[in-house]
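Encoded as structure tokens, the structure appears first; notes follow it.
The values are calculated or read from the model by the stated rules, or taken from the named source; none is laboratory data. Keep in mind it's a predicted model, so treat the numbers as computed, not measured. All Cβ positions, glycine included, derive from the backbone under ideal geometry; neighbour counts span all protein chains shown. Surface areas here come from the heavy atoms of the whole protein model, side chains and all, with no ligands, DNA or RNA. Shrake-Rupley method; radii C 1.70, N 1.55, O 1.52, S 1.80 Å.
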Amino acid sequence: MRTFALAMKILLIEDEPKTAKSIQNFLTECHIEVDVAFEGHEGIILSSHHDYDVIISDVILPNSNGLDICRTLRNMGIQTPILLLSALSQPEDKVIGLQAGADDYLAKPFDFQELLARLQALSRRSSGKVALKTKLTFDDLEMDLNTLEVMRAGVKIVLTPREFALLEYLVRNHGRVIPKAEILEAVWNIDEIINTNVIEVYVNYIRNKIDKGFKSKLIHTHFGVGYVLKNEVPS
């Protein structure tokens with residue numbers, strides 16, 4: 001007998017097409033909306049652009065594995081409940097998954113009804129939590145996600161909405177060199193026809209606003225790759 005779920009929107013990160021389709025079909029029959037990503041990077045991008053009730057991720061994936069995805073999303077301030085799926089079922093495997101930021105761990109093979117029950121529990125648990133933090137900070141830089149105000153060292157900085165979105169992505173991924181293609185997909189609508197040079201233009205815009213006049217520089221270029229946000233005092 002089919003058990004129907006609460007209304008939910010789920011992200012499933014699974015690289016095996018047959019497994020992904022089978023899980024998606026079951027959850028769809030339970031009236032759950034399911035987005036599917038077939039590799040870790042795509043899953044991170046979708047997670048940063050959409051509000052999901054729960055994220056389901058296989059542990060073994062191409063590019064970023066499930067543990068890396070957990071760590072990355074938590075470092076980005078995304079607190080959506082994460083359920084890891086894995087053929088690794090030893091207690092130490094589960095502990096590692098939970099320490100990486102996952103909320104639950106389900107060993108393969110599993111029963112679909114158990115998967116559904118765990119999703120419902122995670123959704124109910126998270127619904128009572130306080131909303132995501134409304135401020136992002138890095139070093140002496142602070143961004144208010146509600147008012148779109150930016151301060152650096154107590155100085156107010158005015159950004160356009162696009163500049164704010166670009167800076168927000170850099171802050172959420174601070175310390176990591178972000179390729180231009182990823183920035184283009186994350187900050188600009190992928191349906192827009194634009195030249196990648198526009199990224200350089202906007203990086204210069206926000207660099208002039210948040211770095212100019214300050215001793216340490218936050219936005220740095222990795223030529224031929226992309227950009228990274230880190231605190232570095234020029235020698």
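Side notes on the structure shown:
- When the stretch 82-99 is filtered for residues that are out of contact with any Gly (no Cβ under 6 Å at 6 or more places or on another chain) and open to solvent by less than 10 Å² (accessible area, probe 1.4 Å), the ones remaining, listed by number, are I82, L83, L85, S86, G97.
- Flag for R118 being buried (at least 18 other Cβ atoms within 10 Å of the Cβ) and in contact (Cβ under 8 Å) with a residue 12 or more places away in the chain: yes
- Residues that are modelled with pLDDT under 90 and touching a Phe, Trp or Tyr at 6+ places or on another chain (Cβ under 7 Å) were ranked within the stretch 1-39; the one that is surrounded by the fewest Cβ atoms within 10 Å (Cβ to Cβ) is H31.
- Qualifying helices (runs of 4 or more DSSP H) (wholly inside the stretch 131-235; at least 2 residues being at pLDDT 90 or above and either open to solvent by 40 Å² or more (accessible area, probe 1.4 Å) or not small (G, A, S) (or both)): 161-172, 197-210
- Every test in (1) within 23 Å of L184 (Cα to Cα); (2) in a loop (DSSP other than H, G, I, E, B); (3) open to solvent by 70 Å² or more (accessible area, probe 1.4 Å) is passed by I78 save one, and that test is (3).
- Options L61, L73, L84, L88: the member that is touching a helix residue (DSSP H, G or I) at 6+ places or on another chain (Cβ under 6 Å) and in a loop (DSSP other than H, G, I, E, B): L61
- Against the test of being within 22 Å of A186 (Cβ to Cβ) and under 20 Å from the mean Cα position of the chain (by Cα), the options D104, D51 yield a single qualifying residue, D51.
- Flag if I45 is over 13 Å from E14 (Cα atoms), hydrophobic (A, V, I, L, M, F, W, C) and surrounded by fewer than 16 Cβ atoms within 10 Å (Cβ to Cβ): yes
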